[in-house]
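The values are calculated or read from the model by the stated rules, or taken from the named source; none is laboratory data. Remember, predicted model here, so these are calculated numbers, not experimental data. Cβ sites come from the backbone with ideal geometry, for glycine too, and all protein chains shown count toward neighbours. Surface areas here come from the heavy atoms of the whole protein model, side chains and all, with no ligands, DNA or RNA. Shrake-Rupley method; radii C 1.70, N 1.55, O 1.52, S 1.80 Å.
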Amino acid sequence: MSSTSADFTTSKTFLIDTTKCTGCRGCQVACKQWNQLKAEDTKFFSGEGYQNPPLMSEYTFTRVKFKDYQKNGQNEFAFYKEMCMHCNEPACASVCPVGAFKKTTEGPVVYDAKRCIGCRFCMIACPFGVPKYEWSKAFPLVRKCTGCYSRIREGLQPACATACPTAITYGSRGDMLKEAEKRLKNRPERYHQAIYGKDEAGGTSVLYLTHQPLDELGFKPVTKRALPSYTWQALRLVPGIFLTVGSGLSLLSWFTHRKERIRREELFKNSKVEPETVNPETKEESR
Amino acid sequence: MTAATRIIINEIRGYHRFLKFMIALVGLGALASLVRFIFGLGATTNLNDVYPWGLWISFDVVTAVPLAAGAFTLGAIVHCFHIKKLEPLVRPAIVTGFLGYSLVSVGLLLDLGQPQRAWHTMVYWNVHSPMFEVSMCIMAYTTVLFLEFLSPVCEKFGYHLPLRVLRWLEMPLVIGAASISTLHQSSLGTFFLIAVDKLHALWYNPLLPLLFWLSAIFTGISIIILEATMVHRFMGQPDESELLEVLTKILPWVLGVYLAVKLAATTLLSHGPLFDRPSLLALFVAEIVIGVVIPMVMFMKRAYREDQRMQLRGASQVIFGLVLNRFNVSMFGMEQADQAIYYPSVIESLVTIGIIAAHVLFFVLLAKYFPIFEHHPETVDYSIPDHAHSTAADHGHSPATGSGAVH
């Protein structure tokens, strides 16, 4: 994957300003509605705060995570929307043996269910733990946020971004990065000075601004290097290794069999037998 | 009941108790597979979104592939390095390899969510995916093994023409086998390079593919030692410990290179704390000490190399170390500190046990009904019977080559 020169500034990107999130979970509901996802049977307090459902799953592509913290002796909530990061160079797309994932030019990373063989390598690869599996089915497929690709194609915004009253802004990655930097610069007391998603996994199409330090909120520390490059540095050597081992062993065999070959030829030369010949004048065979 | 069925059933009735036990285990495994397909992966396995890969990937794919590595290793040693002495060990190694790789495919088909779409890898290509590479290589290599396995089959039924073709193909097949195997043995390690923030630093480093390839080589050699010793003990085959000594001489070198690369990679190339999880550290130490250091030191002494019991013990330790290493990389090292531990369900275990039993069962049966252990000097003349002319004297075969067909 040599797309280090690829330009993602025009990729459609989410800017999620968690300092503005009210925890209304309109995004969760809109996503369920748009994707026609089942509701899950849960308990009310199944995580921190009012966090529900407890986990992302085959039926839940996004959820708001709650974080309780203390500020000036007061109990406070922080919220952030967990979702597929729609990475610039997605790990899922690089490991899928049948190429079922694709980073579209518009921005979302989309999944072609018709190709999927259900091997679950994408689930191992994704550093954010996004793809989920249809464990309830006899012939399961992978499920994840679609980036509302069909809506994007029609000029709409994703369902969650449309529903969100405060926190989500949606636009080109270049614009969203500029906006994020602007907010960080203008109100440094409001924001933790970092944009999660700017460099994580080589850069994603979901950018977060937070008030608390990232690990306190629960953001996973993820490598800044695009994940496909870890694999490619080994896989790119495959043709070379094949040729080297093949030709090396061929050469070795040629040498080690040489003695035997020479001995056989000597024996044949020294044997009393003459090869059959045809006398060209009489056309007679002689031994 | 036809005559054929009656013959087969009588034959099975005469089998040793051990074989009947294997048949029972295979039957249980088949039943468990049926249950898996009826109720689905979610209901029958302990896999979940945090641990999408479990026993079937860890053992039936990531471990079983290097366990079947004896075929290409021995093929290269005998035919490329031309250590002809070890020839009698080649054929059983090929059978082990063929069975092993075929059973890997069985395990894989059970683990896939859409096994009926397994052919998709042949049509939809993603050259950036190590799984694509492994699946292509394994398909190619199983074909090679099948062709190599055809030799004893053709010998049994007296098909001389295929035998001549196969003999002509022998060197290309051996070299092809070693090249293809190098690719997929190492690519199984490449699988885990993407799990950069998930696999613990004790095992994660960029040289994983090299380590997987080296360990496949010394494991293949050890499986040959184990198998030759077992067939001597239980199947009335001659004592090959003299031949095995050649292999035990090679082992310390491969183990030594592996140890050096592993220690260098772990100390110099890994990112992240090495000593933060005591249970993982214990597994790492066990894998290295039991599986690499002790056998390596053992086989540096000639007395241990020549002694049949020590050969078996050392080889068994290496194999144990390999199994532990593959589980460490694909399962234990992937356990996240803050999540519940994965352990296989009953169905998962029954299937894996059934697959192992199938390997043992079919190896014994193939050895029973096909010329696996008969030495087959390569100078045997598989002449095609010439029905058109009566053949008079020998057509100038030099005395160095033998003659006479084998049946």
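Ignoring ligands and nucleic acids, what accessible area does B:Leu55 show with a 1.4 Å probe (Å², nearest 10)?
For B:Leu55, solvent-accessible area is about 20 Å².
With an 8 Å cut-off on Cα pairs and a minimum separation of 6 or more residues, tell me the relative contact order of chain B in percent. Don't skip to the answer; put the middle values down first.
Working: 495 pairs, mean separation 111.5, N = 407.
Computed over chain B, the figure is 27 percent.
³J(HN,Hα) across region A:151-167 via Karplus (A = 6.51, B = -1.76, C = 1.60, θ = phi - 60°), whole Hz, x for Gly/Pro?
Result, ordered by residue: 5, 4, 4, 8, x, 8, 9, x, 4, 5, 5, 5, 6, 5, x, 10, 8 Hz.
What is the dipole size for region A:74-127, taken about its Cα centre, with +1 at each Lys and Arg Cβ and -1 at each Asp and Glu Cβ, in debye to the nearest 20?
Values: 6 positive and 5 negative charges, 63 e Å.
Using only the charged Cβ atoms, the result is roughly 300 debye.
Shape call for region B:13-81 from the C-alpha gyration tensor, a ≥ b ≥ c root eigenvalues: rounded (a/c under 1.5), prolate (a/b greater than b/c) or oblate? Show your work: numbers first, answer last.
Working: a/c = 4.02, a/b = 1.29, b/c = 3.11.
Oblate.
Using the Kyte-Doolittle scale, find the helices of chain B whose mean hydropathy is at least 1.0 and whose Cα atoms extend 30 Å or more along the helix's long axis, counting only whole DSSP H runs.
Details: long enough: B:17-39 (33 Å, 1.76); B:90-111 (31 Å, 1.39); B:130-157 (40 Å, 1.08); B:160-190 (42 Å, 0.57); B:208-234 (37 Å, 1.57); B:241-264 (35 Å, 1.29); B:308-330 (33 Å, 0.19); B:346-369 (34 Å, 1.97).
Once both thresholds are applied, what remains is B:17-39, B:90-111, B:130-157, B:208-234, B:241-264, B:346-369.
Need one number: the % of Cα-Cα pairs in the protein assembly as shown sitting beyond the 37 Å mark. All intermediate terms of the calculation are to be shown ahead of the outcome.
Values: 115006 of 240471 pairs.
Here the tail beyond 37 Å accounts for 48 percent of pairs.
What does the charge dipole of region A:175-256 about its Cα centre add up to, to the nearest 20 debye, if the Cβ of each Lys and Arg holds +1 and the Cβ of each Asp and Glu holds -1?
Details: 11 positive and 8 negative charges, 37 e Å.
Its charge dipole is roughly 180 debye.
Just need the relative contact order of region A:162-218 here, percent rounded to a whole number, with Cα pairs under 8 Å and 6+ apart. Mind showing how you got there, number by number?
Numbers: 40 pairs, mean separation 15.1, N = 57.
Relative contact order comes out at 26 percent.
If I ignore ligands, DNA and RNA and count only protein heavy atoms, how much of A:His257 is accessible to a 1.4 Å probe, in Å² to the nearest 10?
40
Given the options B:Val127, B:Ile83, A:Cys119, identify the residue whose Cα lies farthest towards the positive end of the charge dipole of the protein assembly as shown (+1 on Cβ of Lys, Arg; -1 on Cβ of Asp, Glu).
A:Cys119
Largest first, how would A:Lys132, B:Lys85, A:Lys71 line up by accessible area (1.4 Å probe)?
On the way: A:Lys132 25, B:Lys85 105, A:Lys71 85 Å².
Listed by decreasing accessible area, they come as B:Lys85, A:Lys71, A:Lys132.
What are the radius of gyration and Dmax of region B:1-53, computed over its Cα atoms and given in Å?
Rg then Dmax for region B:1-53, in Å: 17.4, 54.
For region A:102-193, what is Rg from Cα atoms divided by 2.2 N^0.38 Å, rounded to two decimals? Before the final figure, lay out the partial values.
Working: Rg = 17.1 Å, N = 92, 2.2 N^0.38 = 12.3 Å.
Ratio of Rg to 2.2 N^0.38 Å for region A:102-193: 1.39.
Just to confirm my understanding: which cysteines in chain A have no other cysteine beta carbon less than 4.7 Å from their beta carbon?
That list is A:Cys21, A:Cys24, A:Cys31, A:Cys87, A:Cys96, A:Cys116, A:Cys119, A:Cys126, A:Cys148, A:Cys164.
Ignoring ligands, DNA and RNA, how much accessible area is buried between chains B and A, both sides summed, with a 1.4 Å probe, to the nearest 100 Å²? If you can, show how the numbers build up before the last one.
Numbers: alone 20400 and 17560 Å², together 32800 Å².
Chain pair B/A: roughly 5200 Å² of buried accessible area.
Given a cut-off of 20 Å, name the pairs among A:Lys144/A:Lys178; A:Lys198/A:Lys220; A:Lys132/A:Lys220 whose C-alpha atoms lie farther apart than that in the structure shown. Before the final figure, lay out the partial values.
Numbers: A:Lys144/A:Lys178 28 Å; A:Lys198/A:Lys220 14 Å; A:Lys132/A:Lys220 17 Å.
Distance filter (> 20 Å) returns A:Lys144/A:Lys178.
So what is the accessible area of the protein assembly as shown per residue, in Å², with the probe set to 1.4 Å?
On the way: 32800 Å² over 694 residues.
Here the per-residue accessible area is 47 Å².
I need to check one value: relative contact order of region B:124-190, counting alpha carbon pairs closer than 8 Å and at least 6 residues apart, in percent. The partial results should precede the final answer.
On the way: 37 pairs, mean separation 34.2, N = 67.
Dividing the mean separation by the residue count of region B:124-190 yields 51 percent.
Across the Cα atoms of region A:189-231, what radius of gyration and what greatest pairwise Cα-Cα distance (Dmax) are found, in Å?
11.4, 40
May I ask you to list, by number, the DSSP H helices of chain A whose Cα span along the axis is at least 24 Å and whose average Kyte-Doolittle hydropathy reaches 0.5 or more?
A:238-256
In µm²/s, what is D for chain A at 37 °C and 0.692 mPa s, where D = kT/(6 pi eta Rh) by Stokes-Einstein and Rh is the Kirkwood radius from Cα pairs?
Values: Rh = 22.8 Å.
D, rounded to a whole number, is 144 µm²/s.
Report the one residue of B:Tyr204, B:Pro295, A:Ala30 whose Cα lies farthest in the direction of the positive end of the charge dipole of the protein assembly as shown (charges on C-beta: Lys and Arg +1, Asp and Glu -1; origin at the Cα centre).
About the Cα centre, the residue reaching furthest to the positive side is A:Ala30.
Of B:Phe59, A:Phe139, which has the most accessible area with a 1.4 Å probe, and how do the rest follow in descending order?
On the way: B:Phe59 30, A:Phe139 100 Å².
Greatest to least solvent exposure: A:Phe139, B:Phe59.
Can you compute the radius of gyration and Dmax for region B:90-206, using only the Cα atoms, both in Å?
Taking only Cα atoms of region B:90-206, I get Rg and Dmax of 17.2, 57 Å.
Positive end of the charge dipole of region B:43-182 (Lys, Arg +1 and Asp, Glu -1 on Cβ, about the Cα centre): tell me which of B:Thr73, B:Pro152, B:Ala178 has its Cα farthest that way.
Most positive-ward Cα: B:Pro152.
Give me the orientation-averaged projected area of the Cα convex hull of region A:1-60, in nm², one decimal. Don't jump to the answer; show the numbers that get you there.
Numbers: hull surface 27.4 nm².
Its Cα hull, projected and averaged over all orientations, spans 6.9 nm².
May I ask you to give the percent of accessible area on the protein assembly as shown that is carbon plus sulfur, with a probe radius of 1.4 Å? Present the calculation step by step, with values, prior to reporting the outcome.
Details: 20450 of 32800 Å².
Here it works out to 62 percent.
From the phi angles alone, apply the Karplus equation (6.51, -1.76, 1.60; θ = phi - 60°) to region A:64-75 and give each ³J(HN,Hα) in whole Hz, x where the residue is Gly or Pro.
My calculation for region A:64-75 gives 8, 9, 9, 9, 7, 8, 9, 9, 6, x, 9, 7 Hz in order.
For region B:45-118 and region A:210-233, what is the separation of their Cα centres, given in Å?
35
Around A:Val206, which amide H atoms from residues at least 5 apart in sequence, or from another chain, sit under 5 Å from its own amide H, with H modelled in the peptide plane?
So A:Val206 has HN proximity to A:Phe14.
Assuming R0 = 51 Å, what is the FRET efficiency of A:Arg187 and B:Ile353, from their Cβ-Cβ distance, to the nearest 0.05? Walk me through the intermediate numbers first.
Working: r = 62 Å, r/R0 = 1.22.
E between A:Arg187 and B:Ile353, to the nearest 0.05, is 0.25.
Which aspartates and glutamates have a Cα less than 19 Å from the Cα of A:Lys269, not counting those fewer than 8 places away in the same chain?
The reachable aspartates and glutamates, counting only those whose Cα sits under 19 Å from A:Lys269, are A:Glu260, B:Asp394.
Could I get the Rg over Rh figure for region B:184-303? Both from C-alpha atoms, Rh via Kirkwood, rounded to two places.
Details: Rg = 16.7 Å, Rh = 15.9 Å.
Expressed as Rg/Rh, it is 1.05.
If you find the alpha carbon centre of region B:242-301 and of region A:47-110, how far apart are they in angstrom?
40
Mind checking the mean number of beta-carbon atoms from other chains within 10 Å of the Cβ atoms in B:106-119?
Working: counts 0, 0, 2, 0, 0, 3, 7, 14, 10, 3, 3, 8, 4, 1.
Shielding by partners across B:106-119 averages 4.
Taking each pair of different alpha-carbon atoms in region B:53-93 once, compute 1/r for the pair, average those values, and report the inverse of that mean as the Kirkwood hydrodynamic radius in Å to one decimal. Kindly include the intermediate steps, with their values, before the conclusion.
Numbers: mean 1/r = 0.0883 Å⁻¹.
About 11.3 Å, per the Kirkwood formula over Cα pairs.
If B:Leu34, B:Leu193 are ordered by their accessible area, calculated over protein heavy atoms with a 1.4 Å probe, which sequence runs from highest to lowest?
On the way: B:Leu34 100, B:Leu193 0 Å².
If we order B:Leu34, B:Leu193 from most to least accessible, we get B:Leu34, B:Leu193.
Please state, to two decimals, what the Cα-based radius of gyration of chain B comes to when divided by 2.2 N^0.38 Å (N = residues).
Working: Rg = 22.8 Å, N = 407, 2.2 N^0.38 = 21.6 Å.
Normalised Rg, Cα atoms only: 1.06.
Can you list the equivalent-ellipsoid semi-axes of region B:1-122, largest first and in whole Å, using the square root of 5 times each Cα gyration tensor eigenvalue? Could you put the intermediate results ahead of the total?
Working: eigenvalues 189, 139, 35 Å².
Three semi-axes, in Å: 31, 26, 13.
What is the P(r) of region A:82-141, as percent of Cα-Cα pairs per 5 Å bin from 0?
Reading upward from the zero bin: 4, 20, 30, 27, 15, 4, 1.
What is the dipole size for chain A, taken about its Cα centre, with +1 at each Lys and Arg Cβ and -1 at each Asp and Glu Cβ, in debye to the nearest 20? Let's see the in-between values first.
Working: 43 positive and 30 negative charges, 85 e Å.
Taking the Cα centre of chain A as origin, the dipole is about 400 debye.
Quote the accessible area belonging to B:Arg326 in square angstrom, nearest 10, computed with a 1.4 Å probe and with ligands, DNA and RNA left uncounted.
Counting only protein heavy atoms, the figure is 0 Å².
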